[in-house]
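The structure appears below as structure tokens.
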Amino acid sequence: ATKLKDLDASKLSITKATKPKPLSKPEDLVFGKMFTDHMLAIEWDATEGWREPRITPYQNLSLDPATCVFHYAFECFEGMKAYKDKDGKVRLFRPEKNMDRFNKSSARIALPTFNSEALIELISKFAQLESRFIPDQKGYSLYLRPTMIGTQKTLGVGTPQSAMLFVIASPVGPYYPTGFKAVSLEATDYAVRAWPGGVGDKKLGANYAPCIVPQQQAASRGFQQNLWLFGEEEYVTEVGTMNMFAAIKDKKTGQKELVTAPLDGTILEGVTRDSVLQLARERLVPEGWKISERKYTMFELAEASKEGRLIEAFGAGTAAIVSPIRAISWKGDLVDCGLKANEESGEIALRMKDWIEGIQYGEEPHKWSYVT
Ligand code: PMP
């Protein structure tokens, strides 16, 4: 048998759009609604491997109704951003982390894996081509959505013999255009997002649709997001589509600790989570903080809150970088997360946002910022 071809960035062909789209005013951008002029697409099949990558005008896909993605959810995706620095250069943030996760997600649902460096190179070319869509003000970026689908036409449940990887891009504004707005959460105990042995640590489309009804439920009671708990112990796992962090003072010693749940298979391996942890170990430990990846429960948070030891809490993810939390509704109680009435963010969340944003926009030279 001939060896399957791996993804090869040097084979890229580009067909430019003939009618460039008008640009929206930056302040009118709505997340994920407007797309750029082009898309990147690469087909794969089990006999040949990866075909030549193509950048074409943004267009509809044409798929047979029997295609396996529509029936058995052969779909996984990534979420990452391209930023424009003050010199007009387009930068990615730790793209190799997204590629690693994308490959792991894909492999878990029997879709093909690919050479990460080749896809970073292709995404870089794509982001550069769409550079005019990235407003050059800080806070703005180009959201990139790499997606992989199984394209085999069959209702037989089995390994897809063909697949397609595509990347689309949507210009986005700052998550909090007028500064931070702390959110309130509903601790969800009646529905479970992920479980040991499951696929909660993979970015599969199938993990997201079932979270919308609990999200609607929380919203109907006035809470912006779900806080996903797990098990009888009510371990704190994630918040909406972000990883969760809490800053707590120890009951006996007063030691300040920044805690997040461990990667035990039930937590998405967030790029922002990893970045927050690394920066915290580097910059907060010298200030006396302890940084922990460990299991913690809703009871522990509620007790710390009652005793005035819950310093702050925030979510962490690509969309907002950090999202400060004001309160968590749990068993009919409102657990206060340490913000004063006139405050929208704690100090750690604010500093993390500044640090990470500084790196993303190339203000602080750092190995995490990838110049395309
Ligand atoms: N958890 C879930 C369930 C998510 O969908 C996301 C967004 N990808 C995150 C956490 C945060 O991950 P990241 O920092 O890589 O955006």
Practice item. Tell me, yes or no, whether the range 277-290 has at least one residue that is at pLDDT 95 or above, within 16 Å of the ligand (Cβ to nearest atom) and buried (at least 19 other Cβ atoms within 10 Å of the Cβ). Key: yes
Review point. Does any residue of the range 149-165 turn out to be in contact with a strand residue (DSSP E or B) (Cβ under 8 Å, 6 or more places away or on another chain), within 16 Å of the ligand (Cβ to nearest atom) and not β-branched (Val, Ile, Thr)?
Key: no
Check your understanding: Can Tyr58 be described as hydroxyl-bearing (Ser, Thr, Tyr), out of contact with any helix residue (DSSP H, G or I) (no Cβ under 7 Å at 6 or more places or on another chain) and more than 24 Å from Thr318 (Cβ to Cβ)?
Key -> no
Study note, to complete from the structure: Reported set for the range 335-372 where residues are of a type in the set (A, V, I, L, M, F, W, C) and either in contact (Cβ under 8 Å) with a residue 12 or more places away in the chain or crowded, with 16+ Cβ neighbours inside 10 Å (or both) is Val335, Cys337, Leu339, Ile348, Ala349, Leu350, Met352, Trp355, Ile356, Ile359, Trp368, Val371
Check your understanding: Which one of these does Arg132 not meet: (1) over 19 Å from Ala9 (Cα atoms); (2) basic (Lys, Arg); (3) buried (at least 20 other Cβ atoms within 10 Å of the Cβ); (4) more than 16 Å from the ligand (Cβ to nearest atom)?
Key -> (3)
Point to revise | Every pair of residues 6+ apart whose Cβ atoms lie under 9 Å, when the first sits in the range 87-103 and is within 16 Å of Lys367 (Cβ to Cβ) and assigned to a helix (DSSP H, G or I) while the second is hydroxyl-bearing (Ser, Thr, Tyr) and near the ligand (Cβ under 10 Å from one of its atoms) | key: Lys97/Ser275; Asn98/Thr318
Review point. Do any strands (runs of 3 or more DSSP E) lying entirely in the range 220-319 carry at least 3 residues that are in contact (Cβ under 8 Å) with a residue 24 or more places away in the chain and in contact with a helix residue (DSSP H, G or I) (Cβ under 8 Å, 6 or more places away or on another chain), and which ones are they?
Key: 225-230, 242-249, 310-317
Practice item. For the range 180-219, enumerate the residues that are in contact (Cβ under 8 Å) with a residue 60 or more places away in the chain, over 30 Å from Glu357 (Cβ atoms) and β-branched (Val, Ile, Thr). Key: Val199
Practice item. Working only within the range 181-203, note down all residues that are touching an Asp or Glu at 6+ places or on another chain (Cβ under 8 Å) and either on the phi > 0 side of the Ramachandran plot or buried (at least 20 other Cβ atoms within 10 Å of the Cβ) (or both). Key: Ala182, Ala187, Arg193, Ala194, Lys203
Check your understanding: So Val213 clears everything in (1) more than 24 Å from Lys81 (Cβ to Cβ); (2) in contact with a helix residue (DSSP H, G or I) (Cβ under 6 Å, 6 or more places away or on another chain); (3) not in a loop (DSSP other than H, G, I, E, B) except one condition, right? Which one?
Key -> (2)
Check your understanding: over 26 Å from the mean Cα position of the chain (by Cα), in a loop (DSSP other than H, G, I, E, B) and modelled with pLDDT of 95 or more, is that true of Gly362?
Key -> no
Check your understanding: Being over 22 Å from Lys353 (Cα atoms), away from the ligand (no atom under 16 Å from the Cβ) and among the hydroxyl-bearing types (Ser, Thr, Tyr), is that true of even one residue in the range 315-331?
Key -> yes
**Study point:** Selected residue (criterion: modelled with the lowest pLDDT) from residues of the range 200-254 that are under 23 Å from Arg351 (Cα atoms), within 16 Å of the ligand (Cβ to nearest atom) and among the small types (Gly, Ala, Ser)
**Key:** Gly240
Review point. Of all residues in the range 182-199, how many are more than 10 Å from the ligand (Cβ to nearest atom), of a type in the set (D, E, K, R) and at pLDDT 95 or above?
Key: 1
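Of the residues in the range 127-181, how many are basic (Lys, Arg) and either at pLDDT below 95 or within 17 Å of the chain's Cα centre (by Cα) (or both)?
3
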Practice item. Could you please give the count of residues in the range 281-319 that are of a type in the set (Gly, Ala, Ser) and over 26 Å from Glu234 (Cα atoms)? Key: 2
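The values are calculated or read from the model by the stated rules, or taken from the named source; none is laboratory data. These figures come from a predicted structure and were not determined experimentally. Please note: Cβ atoms are built from the backbone with ideal geometry, for glycine as well, and neighbour counts cover all protein chains shown.
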